[in-house]
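A short worksheet on the structure shown next.
The values are calculated or read from the model by the stated rules, or taken from the named source; none is laboratory data. Remember, it's a predicted structure, so these values are computed and weren't measured experimentally. Positions of Cβ are backbone-derived with ideal geometry, glycine not excepted, and every protein chain shown enters the neighbour counts. Ligands, DNA and RNA are excluded from the accessible area calculation, which covers all protein heavy atoms including side chains. Shrake-Rupley method; radii C 1.70, N 1.55, O 1.52, S 1.80 Å.
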Amino acid sequence: LARRELRGGIAGFRIFLLCLILGVGAIAAVGSVRAAIETGLQREGRALLGGDAELRLTYRFASEAERAWLTRESAIWGEVVDFRSMAVTPGGERALTQVKAVDASWPLVGAPQLEPAMPMAEVLAGRDGLPGGAMDPILIDRLGLRPGDHFRLGTQDFVLMAAVLREPDSVGGGFGLGPRTLVPTDALREAGLLGAGSLFDTSYRL
């Protein structure tokens with residue numbers, strides 16, 4: 001069959017050669033992309049995850065026994081709570097937001113990029129007796145807020161301290177249905193958002 005096809009010259013093999021070239025090129029490209037991803041994960045895996053390891057719970061917080069295990073098995077650990085809520089302004093504007101409630105140890109690896117630039121501890125501390133928070137610039141524009149303005153989640157008021165331009169562990173945060181809002185976990189204890197029947201995920205980064 002090959003001899004018969006070659007009687008007309010190499011022109012009859014153009015499609016075959018083209019397929020062969022494309023196939024080899026595709027295999028080489030997949031191998032290169034895989035190698036690049038593996039190298040990136042080895043180099044930046046801790047920053048993408050937000051720690052060396054993560055334990056995730058659904059609809060509950062870690063028990064005292066589980067917290068004791070975290071303390072015993074890690075040099076340091078932090079708690080991150082993720083859920084959806086409505087952010088409401090004093091003027092009645094409201095928008096859906098993906099809330100990330102964090103503790104004083106967040107982030108364990110890397111640093112958030114805020115505008116204006118300030119330590120995360122200052123953001124969470126707030127001012128005027130209210131806990132602080134930071135929002136995605138899209139959400140800030142949608143609600144018509146500026147740094148220093150107040151907003152509410154559930155029954156708890158917060159003061160907007162900064163805009164969140166980048167989160168160090170955003171890749172491992174999962175799918176969100178709205179722009180991000182960062183607030184301290186302690187401030188949500190009385191907000192009625194994390195009680196029985198609430199839909200939230202809790203991550204413990206080690």
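Give Leu165, Leu160 a once-over and let me know the one that is assigned to a strand (DSSP E or B), closer than 24 Å to Ala117 by Cβ and under 16 Å from the mean Cα position of the chain (by Cα). On inspection, the qualifying residue turns out to be Leu165.
Taking the condition exposed (fewer than 10 other Cβ atoms within 10 Å of the Cβ), out of contact with any helix residue (DSSP H, G or I) (no Cβ under 6 Å at 6 or more places or on another chain) and either modelled with pLDDT of 90 or more or within 30 Å of Pro147 (Cα to Cα) (or both), does Glu64 pass? I'd like the intermediate steps shown before the answer.
Details: exposed (fewer than 10 other Cβ atoms within 10 Å of the Cβ): yes; out of contact with any helix residue (DSSP H, G or I) (no Cβ under 6 Å at 6 or more places or on another chain): yes; either modelled with pLDDT of 90 or more or within 30 Å of Pro147 (Cα to Cα) (or both): yes.
Taking the combined requirement at face value, the residue satisfies it.
For segment 167-206, the set of residues classified as modelled with pLDDT of 90 or more and of a type in the set (Phe, Trp, Tyr) consists of Phe200, Tyr204, listed by residue number. Residues in segment 76-103 that are in contact with an Asp or Glu (Cβ under 9 Å, 6 or more places away or on another chain) and not in a strand (DSSP E or B) were compared, and the one that is least open to solvent (accessible area, probe 1.4 Å) is Thr89.
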